[in-house]
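Trainee: Let me begin by handing over the structure; questions about it come next.
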Amino acid sequence: MIDLVLAENLPRARGIAEVSCALRLKNFRQPKSAGEAVSLARMRGVLLYSPSYEFDGGVFSDLKKFGGALVFSFADVLAETGFRRAIVISKIRLAFSSCRKAGCGFVFCTLAKSAGQIRNAHEIGAFMAVVGLNNHEIEFAKECAE
């Protein structure tokens with residue numbers, strides 16, 4: 001399993017084969033608005049990440065058409081507590097459901113900014129299960145990350 005992080009030189013957790021800094025990837029994009037997300041989704045092979053997880057329906061079909069993937073971050077869940085954490089998980093579930101319907105790619109990772117946010121492969125797998133992925137989708141998410 002490959003993990004994407006936002007900081008450099010973070011340690012590799014158990015079960016993680018490789019840790020890559022997402023900011024160094026040429027195809028990693030963070031849109032600032034919904035309109036920008038629509039245009040970024042039309043880039044070939046883009047990894048699209050927005051912590052709000054609120055996208056227009058056209059983003060998902062464009063991601064499928066151009067071979068892109070939506071990035072889901074475990075750090076977004078860790079940053080919240082209580083009912084706010086439940087809201088973030090609910091937004092992630094809705095976005096994943098739209099990915100599933102459109103047939104576009106998706107990547108689950110930590111996007112850790114510090115060593116305290118690093119998670120092992122088992123914890124990332126549990127996160128995927130909470131969101132609602134089945135075994136085939138978990139394997140597909142790992143392939144998309146590679």
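The values are calculated or read from the model by the stated rules, or taken from the named source; none is laboratory data. Just so you know, these numbers come straight off a predicted model, no measurement behind them. Ideal geometry is used to build each Cβ from the backbone, glycine not excepted, and the neighbour counts take in all protein chains shown. Side chains included, ligands, DNA and RNA excluded: accessible areas come from the protein's heavy atoms. Shrake-Rupley method; radii C 1.70, N 1.55, O 1.52, S 1.80 Å.
Trainee: Only one of (1) in contact with a Pro (Cβ under 8 Å, 6 or more places away or on another chain); (2) more than 21 Å from ARG24 (Cβ to Cβ); (3) not small (Gly, Ala, Ser) is not met by PHE83, so which one is it?
Mentor: (1)
Here is a yes/no grid of residues against (1) more than 13 Å from the chain's Cα centre (by Cα); (2) open to solvent by less than 30 Å² (accessible area, probe 1.4 Å); (3) in contact (Cβ under 8 Å) with a residue 40 or more places away in the chain:
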| site | (1), (2), (3) |
| --- | --- |
| PHE106 | no, yes, no |
| LYS113 | yes, no, yes |
| PHE127 | no, yes, yes |
| ASN135 | yes, no, no |
| CYS144 | no, no, yes |
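Trainee: Let me ask you something else. Could you tell me whether any residue of the range 103-123 is in contact with a strand residue (DSSP E or B) (Cβ under 6 Å, 6 or more places away or on another chain) and assigned to a helix (DSSP H, G or I)?
Mentor: No - not one qualifying residue is present in the range 103-123.
Trainee: OK, next. Residue check: is ALA102 in contact with a Lys or Arg (Cβ under 6 Å, 6 or more places away or on another chain), of a type in the set (Gly, Ala, Ser) and either touching a residue at least 40 places away in the same chain (Cβ under 8 Å) or over 20 Å from ARG12 (Cα atoms) (or both)?
Mentor: yes
Trainee: Among the residues of the range 1-47, which ones are in contact with a helix residue (DSSP H, G or I) (Cβ under 8 Å, 6 or more places away or on another chain), part of a strand (DSSP E or B) and under 12 Å from LYS113 (Cα atoms)?
Mentor: Listed by number, the residues that qualify are LEU4, VAL5.
Trainee: Being free of Cβ contacts under 8 Å to residues at least 40 places away in the same chain and more than 18 Å from ALA126 (Cβ to Cβ) is the filter; apply it to the range 82-97 and report the residue that is surrounded by the most Cβ atoms within 10 Å (Cβ to Cβ).
Mentor: Among those that are free of Cβ contacts under 8 Å to residues at least 40 places away in the same chain and more than 18 Å from ALA126 (Cβ to Cβ), it is LYS91.
Trainee: Report every pair of residues separated by at least 6 positions or lying on different chains whose Cβ atoms are under 9 Å apart, first residue within the range 29-55 and open to solvent by 30 Å² or more (accessible area, probe 1.4 Å), second charged (D, E, K, R) and in a loop (DSSP other than H, G, I, E, B).
Mentor: Here the result reads ALA34/GLU54; ALA34/ASP56; GLY35/ASP56; VAL38/ASP56, each pair linking the range 29-55 to a residue that is charged (D, E, K, R) and in a loop (DSSP other than H, G, I, E, B).
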